[in-house]
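Working notes for the structure below.
Values in this text are rule-based calculations from the coordinates and carry no lab data. Keep in mind it's a predicted model, so treat the numbers as computed, not measured. Cβ sites come from the backbone with ideal geometry, for glycine too, and all protein chains shown count toward neighbours.
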Amino acid sequence: MALLEVRDLVVEFDLPGGRVRAVDGVTFDVGTAEAVGLVGESGCGKTTTALAIMRLLPENGRIAAGSVLFDGEDLVAMKPGPLRRKRWSDLSIIFQGAMNALNPVRRVGDQVAEPILLHEPTVTRRGAWRRVGELFELVGINRDRRRDYPHQFSGGMRQRVMIAMALANRPRLVIGDEPTTALDVMVQAQILELLELLRSELGLAMILITHDLSVISETCDRAVVMYAGQVAETGTVEELYRRPLHPYTERLMRSVPDIGNIRRLPAGIPGHPPSLVRPPSGCRFHPRCDHAMETCRRTFPAERSFEPGHRVACHAVSDDGRRRAPSELPLLPSARALAQLDPLGEMPTLLDGAAAGLVAADGEIEGISAEGPP
Ligand code: SF4
């Protein structure tokens, strides 16, 4: 049994324009001491999934269906009292943007001590203060800085404070919600190294949320690729890099700059993620997919497993686990246009005018005809 089992999770928000399903049937596992990355473009439901796991959704959000089993106990069905005791003690979260997550008028040491005092009534104030000192040293901050305020720290140091806070109650699972966003690359590398070190030293399981595939490749064992609130593909990081089956996964991989090829800009993914108020029918990626067929427009592809742990939801993948090439498929006109734009597997970038073709409300690519770029 995995430490965390997320099953068919559905999260909805009530907005002035109607009800939006931000997470739709998400399923994945996290094993003990395993690091799993949630990856996808902004707005694909990564953070909402994390907040749902923690049961920290905003007031207008609710878990409409599914379960989140932590060590066999369903967090979705749990009453608020037991749930509060589980949060921070068993699973915790490192929030995005350390400056916003920390209280600017309280000393950082007091803020890190707070969950210790709240969740462990037998620990004295002095004991909590001592543990904060140990945590600070663990994450590379001098313990004398417990009395400082957030504005006295750099961005990277504040993020270390947030990591110390997430570890305060010695949880078994930590969720890092874009823990390196807004940090420069050197500090980013230090924070990732720190997370990796803590994971191996403390045996922590980790969910890392990011849109940066290089972060996933450096720190995670497996990755869950999300698109428009749904899971497109799940597998080991190596499998997803070596043999991505879902066209969206492949596009994401090719969006990463290649430092070995300075003359080529990274390929982008044309169009934008869809609005979840009125998502496209069938496969939600079909307006942007160069493998899209009529069946993709009509039917949502069921998830299938090909190798142990490698699951994909795509009509273009045959039963023997091979993704068919666009030339083998009865493509939609929009997909034909995209495939023609990308004959050698090189998608144009946003610097190329043709690639700025946007996805219209009906799901077609504007400015690109079936015959090719204008
Ligand atoms: Fe979706 Fe069809 Fe493209 Fe697969 S081939 S990603 S099912 S649109």
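Helical runs assigned H by DSSP (4 residues or longer) give the chain a calculated mean residue ellipticity at 222 nm of -8500 deg cm²/dmol, each run adding -39500 (n - 2.57) before division by the residue total. May I ask which residue of Met226, Gly203, Leu173 lies farthest towards the positive end of the charge dipole of segment 173-245, with charges of +1 (Lys, Arg) and -1 (Asp, Glu) on Cβ and the Cα centre as origin? Going by the Cα projections, it comes out as Met226. The fraction of all Cα pairs in the chain landing in successive 10 Å bins from 0 to the largest distance is 5, 22, 30, 24, 13, 5, 1, 0, given as whole percents. The residue among Leu57, His119, Ser275 whose Cα reaches farthest toward the positive pole of the charge dipole of the chain, with charges on the beta-carbon of Lys, Arg, Asp and Glu, is His119. Relative to the current alpha-carbon distance between Ser154 and Arg106, full extension at 0.36 nm per residue lengthens the span by 15.7 nm. Rounded to the nearest 20 debye, the dipole magnitude of the chain is 1300 debye, with +1 charges on Lys and Arg beta carbons, -1 on Asp and Glu beta carbons, and the Cα centre as origin.
Each Lys and Arg Cβ is given +1 and each Asp and Glu Cβ -1; about its Cα centre, segment 104-168 then shows a dipole of about 160 debye. Extension gain for Arg126-Asp319 works out to 63.3 nm (0.36 nm per residue, less the C-alpha to C-alpha distance).
Comparing Asp177, Asp110, Asp24 in a Gaussian network model of the chain (Cα springs below 10 Å), the most mobile by mean-square fluctuation is Asp110.
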